[in-house]
Amino acid sequence: MSRIALLLVSILFTSALWSQEDPDLLYMEALEAYQKSHFEESLKLTRQGLELAPEYHDIRILQIRNQWALNMWTAADKDLDYLLETAPSYVDVKPLALQRIGRFASSEEALAFTKELLQIYPSDVTLKVREAELLLETGNAGAARKAANELSGREDISGKDRYALQLILKQTVTDEIGVSYQVVSFSKEYSRQDPWHSISTEYQHNFKRTAVLGRVNYTDRGYDNGTLFEMEAYPVFNDHFYSFVNIGLSDNSFFPDFRGSASLFYSFAKNFEAEAGARVLNYGERSYFSAVAGLTAYTGKFYFNLRSFIGPERKEKLVQNYQFNTRYYFSGADNYFFTRLGKGISPDELVLVKQVEENPSLEAWYGNIGLNKAFGIHHVFKASAGMLYEDITSSRTGTQFIGSVGYRYRF
């Protein structure tokens, strides 16, 4: 028995000694300790592992994570610099460096480090987007806007990065004024033949993370005219959440007396954005509520959006609108072709939605195509043309032809 006991002790001692000299076993033990938040114990093991194998990159990466958890920034930066110098192409090195950008105490330090990383990874799009964000954070709005405009035209940009660039472009313009004109003409099946004309003017001021605008909409239908006054805002809460709110007032019969709108947008999984919200329209003593849901996907230069408005219930009929919107960005965030296909009329179509209130059981189909084009930083033009095919009565259909042009000046 004594020989067996001696043999077991010898085996255990040899195994323990071998584990202390095997970098793979030390790494696994260190990783297990890290996952249990035993950072000091894990750090001790990674140090032992690097003494045995200084070029064992996974151990050094784990050591950096331990040092971050223990606020040992100087030591962590020394290890990260070693990896960037000796193994910049190793699979986990660049993601680790990107994480380091967000851990600096100041935007100035983060920007300086980002510029250093761009010397190592000159073609990395995410790094360039982060540089543009940091240029804006450090007060260099002109350089941030220039960089964002250049990057927006690339085909290899992700939806998340494109959205970040759009935020930069919005935040680097303080004020905007705009005017748009819309005409609606009718096919011979309608009893009315005079076209409708609408003009909207608006002023927008962009705060650091919120855009606020006022808008005046005037419509002349020949037999009547009216004006709708609106206030609108787009508060941005963080990198994932922003919202839309709108209040409109009018004293005319075909515009709602009161319009209230709100939506919350959430970006997720890099390329997707979800919307949930509601619209309320009041016509005299009648109030109509619509729920809104939408999903957007950004892929390369394309934007795809599905959106639905459900409600109100009118004359025992649940009014519904479904639409599919697309954009193709051909050069920057302000230059794109767009289309919309839809069934029904949404409560956001303020010139047309009165028809739903009058005839909720009748069907409508809508399609439009257009172009948004910027000339330099200051001038943005928009034009579109579309058709609305609808039931006029239960036995008669007609077509409306819709054209619009718009201009915005940014300063």
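The values are calculated or read from the model by the stated rules, or taken from the named source; none is laboratory data. These numbers come from a predicted model, not from an experiment. A quick note on method: Cβ atoms are made from the backbone with ideal geometry, for glycine too, and the neighbour counts reach across all protein chains shown. Quick note on the areas: whole protein, heavy atoms, side chains included, nothing else; ligands and nucleic acids left out. Shrake-Rupley method; radii C 1.70, N 1.55, O 1.52, S 1.80 Å.
Quick notes
- Nearest 10 degrees, 0 to 90: helix 73-86 Cα axis against the chain principal axis: 90
- Karplus 3J(HN,Hα) series, Hz, for segment 225-230 with 6.51 cos²θ - 1.76 cosθ + 1.60 (x for Gly, Pro): 9, x, 9, 10, 9, 10
- Accessible surface of residue 72, taken over heavy atoms with a 1.4 Å probe and every protein chain present, rounds to 60 Å².
- The charge dipole of segment 98-146, taken about its Cα centre with unit charges on the Cβ of Lys, Arg, Asp and Glu (plus for the first two, minus for the last two), comes to roughly 120 debye.
- For residue 237, the residues whose modelled amide H falls within less than 5 Å of its own, excluding neighbours fewer than 5 places apart on the same chain, are 242, 243.
- Solvent-accessible surface (1.4 Å probe) assigned to residue 24 amounts to roughly 90 Å².
- Taking all protein chains as they are arranged and a probe of 1.4 Å, the heavy atoms of residue 299 leave approximately 80 Å² accessible to solvent.
- Accessible-area rank, largest first, for 196, 365: 365, 196, with all protein chains present and a 1.4 angstrom probe.
- Ranking 119, 74, 214 by Cα position along the charge dipole of the chain, where only Lys, Arg, Asp and Glu carry charges on their C-beta atoms, puts 214 farthest toward the positive end.
- The dipole here belongs to segment 178-330: it is taken about the Cα centre, uses +1 on the Cβ of Lys and Arg and -1 on the Cβ of Asp and Glu, and is about 440 debye.
- For the chain, the relative contact order comes to 10 percent (Cα pairs under 8 Å, sequence separation of at least 6).
- The apolar share of the surface of the chain, taken as the fraction of accessible area on carbon and sulfur atoms (1.4 Å probe, ligands and nucleic acids excluded), comes to 58 percent.
- Percentage relative contact order, segment 109-214, counting C-alpha pairs under 8 Å, at least six apart: 18
- Dividing the mean sequence gap of close Cα pairs (under 8 Å, 6+ apart) by how many residues segment 261-411 holds gives a relative contact order of 13 percent.
- Cross-link pairs 146/343; 170/382; 343/382; 301/343; 115/301; 146/382 - those with Cα-Cα distance over 29 Å: 146/343
- Accessible surface for the chain, divided over its residues, is 53 Å² per residue with a 1.4 Å probe.
- Three-way shape label, segment 231-313, alpha-carbon gyration tensor, a/c 1.5: prolate
- For the chain, a simple Cβ point-charge model (Lys and Arg +1, Asp and Glu -1, everything else neutral) yields a dipole of about 880 debye relative to the Cα centre.
- All Cα pairs of the chain, percent lying beyond 26 Å: 65
- Listed residues 256, 266, 83: farthest to the positive end of the dipole of the chain (Cβ charges): 256
- Spread over its residues, the convex hull of the C-alpha atoms of segment 260-411 is 131 Å³ per residue.
- Charge context of residue 325, other residues only, Cβ under 11 angstrom, K/R +1, D/E -1: +3
- Local charge for residue 109 was computed over the other residues whose Cβ lies under 15 Å away, with Lys and Arg +1 and Asp and Glu -1, and equals -3.
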